[in-house]
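The values are calculated or read from the model by the stated rules, or taken from the named source; none is laboratory data. Please read these numbers as outputs of a predicted model, since none were measured by experiment. Using ideal geometry, Cβ is built from the backbone for each residue, glycine included, and neighbour counts are taken over all protein chains shown. We work out accessible area using only protein heavy atoms, side chains counted, and drop any ligands, DNA or RNA first. Shrake-Rupley method; radii C 1.70, N 1.55, O 1.52, S 1.80 Å.
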Amino acid sequence: MNNGISIISAAGILPTGKIIIHPEENINNEFSAPGKQKASRPRTIWRLNNKDELIELIKVSLLEAVKQVQMDISDIDYLILSQVWFDNILGDESGQLARELKLSCPVVPINVGTSGGITSLELASSLFINPKFQNIAVIAGCNYSHWFSESDPARTLLSDGAACLMLSRKQGVTVAGCQTVSTAHYDVLQFNREPVPHVRYKPQSGDYIFNNLQETTYRCCNEVCQANGINLNDVSAFYIYDPTEWAAGHSAEALGVEKDKVISIFHKYGSLGPAQSLFGFMEIQHNKNLTDSDWVVVMGIGPSFTATAALFKWQHIPNRIYCYDHKTRLISSIE
């Protein structure tokens with residue numbers, strides 16, 4: 001991978017629908033760790049009124065990421081959008097984004113589930129082999145909460161939101177390498193069209209994820225480190241996709257590193273699907289005392305799709321997480 005490719009800015013956008021779930025209100029669900037019935041602390045989830053409002057969060061995340069580095073959207077040469085589940089034949093989030101912002105660059109959607117943010121980053125990085133590309137945007141959005149039944153306890157894990165990373169040949173957080181592995185063997189989700197389109201999970205799918213995730217995490221993260229001549233213990237901070245409370249500790253065990261090296265954001269954001277790893281990337285800067293040139297790994301996993309780990313050489317860059325109000329169109333920082 002071209003080591004001259006960097007992330008120069010990042011922006012995350014959440015809706016204003018904020019819900020706090022206290023430990024005594026937590027309901028055990030399919031994805032609870034075996035033997036752990038109670039949550040240890042409150043968590044916050046973020047909800048749109050309507051799943052179709054996600055396109056606005058996607059758009060605002062791009063505009064804010066561009067604004068932070070005094071760029072214009074006309075400076076973007078290529079855009080990859082981690083596609084959310086759609087309910088029309090065109091899956092038109094990418095086209096709608098291009099039309100509303102009058103983008104002239106290619107806007108390419110991909111759909112690899114909850115690994116989408118980091119897998120998109122890997123694809124974007126590889127595009128810089130074309131010398132014409134100077135700036136590429138990666139966006140991931142999530143409205144998964146609207147695709148699960150309201151009575152499904154797993155829905156209480158899910159949030160809505162979007163995030164954008166700007167990649168460039170300029171100096172920033174260097175993308176040192178990426179490693180993707182298949183997770184097709186997980187095969188945990190089912191899409192049902194009746195009586196209304198909704199998602200369900202297969203029996204014992206939570207146990208399967210719990211029992212296999214450590215192997216996937218170790219393989220993905222270790223291989224990207226080894227390919228770049230370092231060991232897992234050389235990494236200063238990890239963010240591993242954490243859609244549940246137990247994921248961070250489970251990941252630390254898999255990697256054989258100290259627990260405080262693995263950042264968890266689940267209690268702050270719930271699960272943001274393909275956008276979660278991009279939020280994790282931003283939270284690393286706020287959670288760890290990193291110095292320039294520290295190694296950092298961020299990993300996303302989409303059971304039944306792929307898992308992708310990205311290795312970064314760290315540098316502090318502009319990045320903010322905001323709330324966006326659809327009614328007033330006001331943006332406010334959550335920090």
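Screening I284, I301, I331 for residues that are farther than 30 Å from F191 by Cβ and under 15 Å from the mean Cα position of the chain (by Cα) leaves exactly one candidate, I284. Take Y218 and tell me if it is closer than 21 Å to V181 by Cα, surrounded by fewer than 20 Cβ atoms within 10 Å (Cβ to Cβ), among the aromatic types (F, W, Y) and at pLDDT 95 or above. So Y218 passes the test. So is S32 out of contact with any strand residue (DSSP E or B) (no Cβ under 9 Å at 6 or more places or on another chain), assigned to a loop (DSSP other than H, G, I, E, B) and among the hydroxyl-bearing types (S, T, Y) or not? The answer is yes for S32. Residue count for the stretch 264-311, restricted to those that are among the acidic types (D, E) and either in a helix (DSSP H, G or I) or buried (at least 23 other Cβ atoms within 10 Å of the Cβ) (or both): 1.
Tell me yes or no: at least one residue of the stretch 224-238 is touching a Cys at 6+ places or on another chain (Cβ under 8 Å), in a helix (DSSP H, G or I) and open to solvent by 10 Å² or more (accessible area, probe 1.4 Å). Yes, the stretch 224-238 contains a residue that is touching a Cys at 6+ places or on another chain (Cβ under 8 Å), in a helix (DSSP H, G or I) and open to solvent by 10 Å² or more (accessible area, probe 1.4 Å). Could you please let me know if I118 is open to solvent by less than 30 Å² (accessible area, probe 1.4 Å) and either of a type in the set (D, E, K, R) or in a helix (DSSP H, G or I) (or both)? Yes: the conditions hold for I118. When the stretch 182-206 is filtered for residues that are modelled with pLDDT of 85 or more and either among the acidic types (D, E) or farther than 22 Å from W246 by Cα (or both), the ones remaining, listed by number, are S182, A184.
Does any residue of the stretch 125-143 turn out to be in contact (Cβ under 8 Å) with a residue 40 or more places away in the chain, more than 25 Å from D325 (Cα to Cα), of a type in the set (S, T, N, Q) and open to solvent by 20 Å² or more (accessible area, probe 1.4 Å)? Within the stretch 125-143, one or more residues are in contact (Cβ under 8 Å) with a residue 40 or more places away in the chain, more than 25 Å from D325 (Cα to Cα), of a type in the set (S, T, N, Q) and open to solvent by 20 Å² or more (accessible area, probe 1.4 Å). Each residue in the stretch 147-204 was checked for being open to solvent by less than 60 Å² (accessible area, probe 1.4 Å) and assigned to a strand (DSSP E or B), and 22 of them qualify.
Given the options D77, D87, D92, name the one that is on the phi < 0 side of the Ramachandran plot, modelled with pLDDT under 90 and open to solvent by less than 50 Å² (accessible area, probe 1.4 Å). One residue alone meets the criteria, D92.
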